[in-house]
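The values are calculated or read from the model by the stated rules, or taken from the named source; none is laboratory data. Please read these numbers as outputs of a predicted model, since none were measured by experiment. Quick reminder, even Gly has a Cβ in these numbers, built from the backbone with ideal geometry, and neighbours come from all protein chains shown. These area figures cover heavy atoms from the full protein model, side chains too; ligands, DNA and RNA do not enter into them. Shrake-Rupley method; radii C 1.70, N 1.55, O 1.52, S 1.80 Å.
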Amino acid sequence: TETNPSAFNSDPDEEETQENRPVDSASWYDAIYFCNKYSLSQGFTPCYKVNGSTDIAEWNYLPHASNSIEGTIECDFDANGYRLPTEEEWYHVGLSTYLIAKIPEDKSPRISGWFLENSNNKTHEVKTETSNLLGVFDMAGNVSEWCWDKNDGLTNTEDAGKRALRGGAWNNTKVDCVSSKQYYADPSKALKELGWKTE
């Protein structure tokens, strides 16, 4: 399906483009399905396998239906296709100190992103806020981004089996969007604060 599941599908801010807002209301399963489909469309080798197959037609999965992908899910980290970051990868790019935006002319560094304090309760076009010190945009706020990792339940049995989220969202306070914050959700959850951002 080519359907965009985003709940925020209209009313972008003035001078923002609807098509450039992040994908929201997408589950973890939707995300890995999208990664393989997009990889194939770009001529890359898909990273994700379900029961050994990278062919999404064999996954018996309907995107955006709050269902699950049944079977053994693996990631081939040597493949050149698109994939979700690991928590460690996300953390190193979004390291707390790097959430500070490039210092503007007024010499007042700030955390850059779309939070409860400035989002007007909706998502915004990516790359409209200042990048972090590594030149990466939207690491904080807008939508919480799915990561590959699964919670092992060793420190929190309540989150066992859930998938990792990083970065916080438009409805989180600024302090809850720093990279040190860990969140987990059921991989079939498709809430309007969850998804992914592309540049």
If you check His92, His64, which single one turns out to be within 23 Å of Leu165 (Cα to Cα), out of contact with any strand residue (DSSP E or B) (no Cβ under 9 Å at 6 or more places or on another chain) and without any contact (Cβ under 8 Å) to a residue 24 or more places away in the chain? His92
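Can you find a residue that is of a type in the set (A, V, I, L, M) and modelled with pLDDT of 90 or more anywhere in segment 76-87?
Initially, segment 76-87 is screened for residues of a type in the set (A, V, I, L, M), giving 79, 84.
So of that shortlist, the ones also modelled with pLDDT of 90 or more come out as 79, 84.
Yes: one or more hits.
Out of the strands (runs of 3 or more DSSP E) lying entirely within segment 122-199, which hold 2 or more residues that are of a type in the set (Ser, Thr, Tyr) and closer than 18 Å to Ser27 by Cβ? Steps first, please.
Numbers: elements: 144-150, 163-166, 183-185, 194-196.
Fully inside segment 122-199 and qualifying: 183-185.
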Log entry, pairs with first residue in segment 166-178 being over 18 Å from Thr86 (Cα atoms) and of a type in the set (A, V, I, L, M), second being open to solvent by 40 Å² or more (accessible area, probe 1.4 Å) and part of a loop (DSSP other than H, G, I, E, B), beta carbons closer than 9 Å, six or more apart or on different chains, reads Ala169/Leu116; Ala169/Leu191; Ala169/Lys192; Ala169/Glu193; Val175/Lys181
Condition met for Ala57 (open to solvent by less than 70 Å² (accessible area, probe 1.4 Å) and among the hydrophobic types (A, V, I, L, M, F, W, C)): no
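Among the residues of segment 71-80, which ones are in contact with a strand residue (DSSP E or B) (Cβ under 8 Å, 6 or more places away or on another chain) and either of a type outside the set (A, V, I, L, M) or surrounded by fewer than 16 Cβ atoms within 10 Å (Cβ to Cβ) (or both)?
The answer is Gly71, Thr72, Glu74, Cys75, Asp76.
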May I ask you to list pairs of residues, at least six apart or on different chains, whose Cβ atoms are under 9 Å apart, with the first in segment 1-27 being without any contact (Cβ under 8 Å) to a residue 60 or more places away in the chain and the second being in a loop (DSSP other than H, G, I, E, B) and among the β-branched types (Val, Ile, Thr)? Glu15/Thr128
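Does Pro46 satisfy being touching a helix residue (DSSP H, G or I) at 6+ places or on another chain (Cβ under 7 Å) and at pLDDT below 95? Don't jump to the end; show me each part of the working.
Numbers: touching a helix residue (DSSP H, G or I) at 6+ places or on another chain (Cβ under 7 Å): yes; at pLDDT below 95: no.
Answer is no for this residue.
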Residues being surrounded by 19 or more Cβ atoms within 10 Å (Cβ to Cβ), in a helix (DSSP H, G or I) and touching a Gly at 6+ places or on another chain (Cβ under 9 Å) - total across segment 21-54: 5
